[in-house]
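Read the structure below first, then the notes.
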């Protein structure tokens, strides 16, 4: 199935620039705490689990499963408005964090909670790519 | 230290209009403030504490100037739609500590006829960078994520969600100001257009202009007024968030705010005769009922069957004004109207068809932000003046 979703350009800040640069190379990074080893989502140079300021980037496997999802039938979001129906989901990464994303490459009505998925990157053309997930 | 019995709600006002194209939100707040003060038998000159959200200007600074208030206490805590429930709690605390004696709470907004302009000069909040890319179309998409998971985990059905809307619509038919006054059936909810699975259009609240205000006063001021006031018995509040990626969308911050409020009031869920429960979406009510302790976790869908929420004789009459689902959701924030209807019930001034008999104890619960990401929860326990 063709991905007809728009590819909005993410806002880059000092906190997340390296994350977005990696997506352009089809790599999904997670922030990880140097002290308590917790994976931190969304990425930030601070660990909300233990309060540490010592964190580093770690490469994620890109594998996970659908935690929950919705098929959007009415949308007011520019670019998405004409792409209905599309799937917004939380994917639980194998590393633990639940991340908001789209499920692509499958008919919306076939998406299920628990479905195993893997990451797929779509280029924004601005030095970054969006991490979306497709059934594996 | 407790706020129990140390502050009273002396006046409330809900703006009667639902589409207000020709007045500013500031003016609507001024009208609501005047209405609530008149209801209490007080004037602007009596106000020494002010509580509002931070949607306009610098927190409460701009509105304090607009209203010309002379203050000894200011609080512009913003927890989205739950802000005003928080404000009643904070006002009671401030009064108990002697920081003010007459606290005014106001809010207004015009999402129906004038969308707020986003400020392009500020950097986006960090969470929005990672959540704004995927086509979440307003809160409906996010609350749908919660509903899907709740159904998966607990077997909740769309027909059970629809019962919440049906009860609200049965109440709204008696409210002449309600935006939607037509009663609906479960079938009509299920047949309404799908917005974001599993939520249909009729699972979603209305979008209305409008506003409201509440006046909270010290026991001494309450005693001096002719009007029946309502006693603040307990309050709880919290922020529940995404927890660094460990989010669980099947429960809300009411698991913290509810028990705190009940403990302070010294009563339990079984004592509540009427409940105002934030109803941005039907799923919001189901999860809140469970988290507030009105039923076992996961049993919210079963709880609302058989007219349980329908006034005056259901097991737990709720949102007798028609709630956000049918009556009013001013500024996309429903906490204010939750307080106001609870006060009407305790004063015996709800619409007569839905007035709960012997309504001596009520709950008002607010939810702000999104139950699928980060949210503010606040719970108030209120009683009749002599409770």
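The values are calculated or read from the model by the stated rules, or taken from the named source; none is laboratory data. Computed from a predicted structure; not experimentally measured. Methodologically, a virtual Cβ is constructed for each residue, glycine included, from the backbone with ideal geometry; neighbour enumeration extends over all protein chains shown.
The table below lists the values:
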read-out	value
Candidates A:117, A:88, A:99, A:111 - the one that is buried (at least 22 other Cβ atoms within 10 Å of the Cβ), closer than 21 Å to residue B:250 by Cβ, at pLDDT 95 or above and out of contact with any helix residue (DSSP H, G or I) (no Cβ under 9 Å at 6 or more places or on another chain)	A:117
Boolean, residue A:3 is modelled with pLDDT under 95, at negative phi and within 10 Å of chain B (Cβ to nearest Cβ)	no
Breaking point among (1) more than 7 Å from chain B (Cβ to nearest Cβ); (2) in contact (Cβ under 8 Å) with a residue 12 or more places away in the chain, for residue A:81	(2)
Hey, residue B:159 more than 14 Å from chain A (Cβ to nearest Cβ), over 16 Å from residue B:322 (Cβ atoms) and at pLDDT below 95 or not	no
Candidates B:293, B:324, B:301, B:258, filtered to the one that is surrounded by fewer than 24 Cβ atoms within 10 Å (Cβ to Cβ), touching a helix residue (DSSP H, G or I) at 6+ places or on another chain (Cβ under 9 Å) and not in a strand (DSSP E or B)	B:293
Residue among B:345, B:355 that is surrounded by fewer than 22 Cβ atoms within 10 Å (Cβ to Cβ) and over 13 Å from the mean Cα position of the chain (by Cα)	B:355
Residues that are in contact with a helix residue (DSSP H, G or I) (Cβ under 9 Å, 6 or more places away or on another chain) and assigned to a loop (DSSP other than H, G, I, E, B), drawn from segment B:190-208	B:192, B:193, B:197, B:198, B:205, B:206
Residue within segment B:210-220 that is crowded, with 20+ Cβ neighbours inside 10 Å, outside any helix (DSSP H, G or I), in the same structural domain as residue B:20 (by TED's automatic domain parsing) and over 19 Å from the mean Cα position of the chain (by Cα) present	yes
Residue ID - nearest to residue A:9 (Cα to Cα), chosen from residues in segment A:44-72 that are surrounded by 20 or more Cβ atoms within 10 Å (Cβ to Cβ) and within 8 Å of chain B (Cβ to nearest Cβ)	A:72
Test result for residue A:122, more than 18 Å from residue B:143 (Cβ to Cβ) and under 16 Å from the mean Cα position of the chain (by Cα)	yes
Helices (runs of 4 or more DSSP H) wholly inside segment B:76-159 containing at least 1 residues that are assigned by TED's automatic domain parsing to the domain that holds residue B:363	B:138-154
Odd one out for residue B:276, checked against (1) without any contact (Cβ under 8 Å) to a residue 60 or more places away in the chain; (2) part of a strand (DSSP E or B)	(1)
Every residue from segment B:261-273 that is surrounded by fewer than 17 Cβ atoms within 10 Å (Cβ to Cβ) and outside any helix (DSSP H, G or I)	B:266, B:268
Residues that are surrounded by fewer than 24 Cβ atoms within 10 Å (Cβ to Cβ) and touching a helix residue (DSSP H, G or I) at 6+ places or on another chain (Cβ under 7 Å), drawn from segment B:70-98	B:71, B:73, B:74, B:75, B:77
Selected residue (criterion: surrounded by the most Cβ atoms within 10 Å (Cβ to Cβ)) from residues of segment B:121-154 that are at the interface with another protein chain (Cβ under 7 Å from one of its Cβ atoms) and touching a residue at least 24 places away in the same chain (Cβ under 8 Å)	B:144
